[in-house]
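*Asks:* Before we start, here is the structure in question, set down as structure tokens.
Every read-out reported here was derived from the displayed coordinates using simple, explicitly stated rules and does not represent laboratory data. This is a predicted model, so every value here is computed, not measured. Cβ placement follows ideal geometry from the backbone for every residue including glycine, while neighbour counts extend to all protein chains displayed.
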Amino acid sequence: MLIKKPNKIRSYEITSERNYLNRRSFIQSGCLIAGGILSQGIHSANLPDQPFDKLENINKSDYSTDEQINNIIDVTSYNNYYEFGMGKADPNRNSREFQSRPWEIEVSGEAEITGNFDIEDFIKPYQLEERIYRMRCVEAWSMVIPWVGVPLVDVIKKFKPLSSAKFVKFETLYDKKRMPGQKSRVLRWPYREGLTIAEATNPLPILAVGIYGRALPNQNGAPIRLVVPWKYGFKGIKGIVKISFEKSQPKTSWQMAAPNEYGFYANVNPKVSHPRWSQARERRIGSGVFASKQPTLLFNGYEEHVAHLYDGLNLRRHF
Ligand SMILES: Nc1nc2c(c(=O)[nH]1)N[C@H]1C(S)=C(S)[C@@H](COP(=O)(O)O)O[C@H]1N2
Ligand SMILES: [Mo]
């Protein structure tokens with residue numbers, strides 16, 4: 001049972017985002033869960049092997065949780081990054097050759113300052129912070145990850161958005177040679193995400209450039225990715241090359257793929273079920289095969305910081 005071929009291991013993704021293309025019967029998935037949890041143990045034995053540059057001068061943050069953090073092996077070997085394959089172990093396995101330098105970020109749209117920036121110049125003006133955040137994937141698993149990054153609000157302000165800028169749109173690199181998963185038509189590439197300007201200027205979201213005090217590994221979105229801790233993990237777009245200030249709400253990749261399943265807001269909400277599974281509880285990765293699922297918290301436990309952003313918004317309709 002433990003010695004499965006990699007293509008069989010995929011079956012543990014019974015609740016995976018891609019399953020809108022690949023529905024399975026409920027009974028069948030029940031059997032696959034057990035196999036999946038065990039096979040996950042195998043991946044955890046692979047240590048990340050890419051060079052990890054140590055980052056200097058990192059401030060602590062009051063926004064960090066003091067919950068038990070996940071170990072680096074969980075965080076770097078159990079990933080979602082469809083550009084490198086759809087299995088949880090694929091991003092670690094298939095992104096090792098990926099070169100995240102040189103790297104340019106294009107800033108465009110409704111802002112006073114726009115242009116193309118080298119990643120080094122892009123990040124240099126800001127103070128690095130460690131932010132230890134819970135991450136809740138829409139697939140009903142979670143981790144606690146010690147990110148290193150810069151507050152998105154600081155970056156946004158630097159570009160002086162115009163009053164017409166109501167949303168911020170993000171895009172991942174689109175390059176089928178470097179990101180072989182883009183040959184698949186599981187999503188419309190490039191991966192696209194977005195936030196309202198109010199969300200983007202809340203103090204919680206960060207542009208992460210590291211984990212555990214070191215540069216971001218490829219499978220976690222090197223060289224720069226978004227982290228929005230009160231939203232489902234898929235909002236945390238990896239490998240960002242474009243940021244643009246928009247007048248109207250941008251379409252996101254998951255919305256385009258399955259609008260009835262993935263909304264623009266994607267706020268963590270235990271009361272709003274995914275059409276195919278409940279969001280009331282979550283499995284904390286690393287808690288052990290026999291650990292019971294823990295309750296999911298509204299806004300992933302960040303309610304006091306973000307609930308005001310949604311005053312008057314119907315969270316069931318705007319999911
Ligand atoms: N470009 C891109 N960004 C992405 C994804 C992806 O497939 N492509 N997957 C998302 C999903 S579903 C999750 S849960 C998180 C996972 O982040 P992690 O692998 O660093 O834990 O990345 C998000 N960002
Ligand atoms: Mo996810």
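*Asks:* What are the lysines whose alpha-carbon lies under 24 Å from the alpha-carbon of LYS293, with same-chain residues fewer than 8 places away excluded?
*Replies:* Partners found: LYS88, LYS231, LYS235, LYS271.
*Asks:* Just need log10 I(q)/I(0) for region 165-273 at q = 0.12, 0.14, 0.15, 0.21 Å⁻¹, Debye formula, equal scatterers on the alpha-carbon atoms, no solvent, rounded to two decimals.
*Replies:* -0.42, -0.57, -0.66, -1.25
*Asks:* Please work out the C-alpha center-to-center distance from region 211-227 to region 90-122 and express it in whole Å.
*Replies:* Result: 12 Å between the Cα centres.
*Asks:* Using the Cβ atoms and a cut-off under 12 Å, what net charge is assigned to the surroundings of ASN116, where Lys and Arg are +1 and Asp and Glu are -1?
*Replies:* -3
*Asks:* Order these by the 10 Å Cβ neighbour count, fewest first: ARG214, ARG185, ARG281.
*Replies:* Ascending Cβ contact count within 10 Å gives the list ARG185, ARG281, ARG214.
*Asks:* Let me ask something else about it. Could you put GLU171, GLU261, GLU304 in order, starting from the residue whose Cβ has the fewest other Cβ atoms within 10 Å?
*Replies:* Ranking GLU171, GLU261, GLU304 by Cβ neighbours within 10 Å, fewest first, gives GLU304, GLU261, GLU171.
*Asks:* Further question on the same structure: For ILE237, what residues show an amide H to amide H distance below 5 Å, using hydrogens built from the backbone and excluding near sequence neighbours?
*Replies:* Close amide H contacts, sequence-distant or interchain: LEU226.
*Asks:* Could I ask something else about it? Ordered by residue, what ³J(HN,Hα) values in Hz, to whole numbers, does region 273-284 give under the Karplus form 6.51 cos²θ - 1.76 cosθ + 1.60, where θ = phi - 60° and Gly and Pro are x?
*Replies:* Ordered by residue, 3J(HN,Hα) equals 6, 5, x, 10, 6, 6, 10, 5, 10, 9, 9, 7 Hz.
*Asks:* Follow-up question, since we're still on this one. What is region 104-239 by shape, rounded, prolate or oblate, if you read a ≥ b ≥ c off the alpha carbon gyration tensor as root eigenvalues and call it rounded for a/c under 1.5, prolate for a/b larger than b/c, and oblate otherwise?
*Replies:* rounded
*Asks:* Can I ask one more? Once phi is turned into θ = phi - 60°, what whole-Hz ³J(HN,Hα) does the Karplus curve with 6.51, -1.76 and 1.60 give for every residue of region 291-299, x standing for Gly and Pro?
*Replies:* Result, ordered by residue: 5, 7, 5, 9, x, 8, 9, 4, 6 Hz.
*Asks:* Nearest 20 debye, what's the magnitude of the dipole of region 161-303 about its Cα centre given +1 on Lys and Arg Cβ and -1 on Asp and Glu Cβ?
*Replies:* For this selection, approximately 500 debye.
*Asks:* Another one. Once you order the gyration tensor axes a ≥ b ≥ c over the Cα atoms, which shape class does region 60-116 get: rounded for a/c under 1.5, otherwise prolate or oblate by comparing a/b with b/c?
*Replies:* Verdict is oblate for region 60-116.
*Asks:* If neighbour count is taken as other Cβ atoms inside 10 Å, put HIS308, HIS274, HIS318 in order from fewest to most.
*Replies:* HIS308, HIS318, HIS274
*Asks:* May I have the count of lysine pairs in region 130-221 with C-alpha atoms under 22 Å apart, counting pairs 8 or more residues apart or located on different chains?
*Replies:* 5
*Asks:* Report the relative contact order of region 168-221, percent, no decimals, based on alpha-carbon pairs under 8 angstrom and at least 6 residues apart.
*Replies:* 32 percent
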